[in-house]
Amino acid sequence: EYTGLKVNFIVSGDDSKIEQYIVYSLYRMVQETLTNIQKHAQANEVTVDLRIYENGVSIQITDNGIGFDIKTQANKHKTINSCFGLWGLKERVEILKGRFDMHSEPGKGTDLIIYIPL
């Protein structure tokens, strides 16, 4: 509500075995990502797809914003870690021994994928 974005939230799987610290971390990651989208992407719609598997949790967050060239931004900021607050998000994922991947193109929005093993 705060961001003004239309958020489509999709959930699948059984969350009963996820430890509370992981739930909290995932919540904060989604919150940070939505804030970044609201500030930078000029998007009006976002899809958050949370999938819970036996051995892990994945979150895919896709926006319909302006997108950006990852290589150009990484060169401009010396590293992608300093772009748009992504450093903190990537760090949270790495602390949980997870994987962080992002795809974006100018004019085509951004797609962020996080995987956390359980």
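Brief remarks follow.
- Accessible carbon and sulfur surface of the chain relative to its total accessible area, %, 1.4 Å: 50
- Rounded to the nearest 5, the antiparallel percentage of DSSP beta bridges internal to the range 1-69 is 50%.
- Here the dipole of the chain is about 420 debye; that uses its Cα centre as origin and unit charges on the Cβ of Lys and Arg (positive) and Asp and Glu (negative).
- Selection from Ile10, Ile52, Asn36 lying farthest towards where the dipole of the chain points positive, charges on Cβ: Asn36
- For the chain, the average shadow cast by the Cα convex hull is 7.0 nm², which is a quarter of the hull's surface.
- Shown for the range 1-60 is the translational diffusion coefficient from the Stokes-Einstein equation, using the Kirkwood radius over Cα pairs, a temperature of 10 °C and a viscosity of 1.306 mPa s: 127 µm²/s.
- Beta bridges per DSSP with both ends in the chain, % antiparallel, nearest 5: 75
The values are calculated or read from the model by the stated rules, or taken from the named source; none is laboratory data. Since this is a predicted model, take the numbers as computed values, not measurements. Don't worry about glycine lacking a Cβ; one is built from the backbone with ideal geometry, like all the others, and counts go over all protein chains shown. We work out accessible area using only protein heavy atoms, side chains counted, and drop any ligands, DNA or RNA first. Shrake-Rupley method; radii C 1.70, N 1.55, O 1.52, S 1.80 Å.
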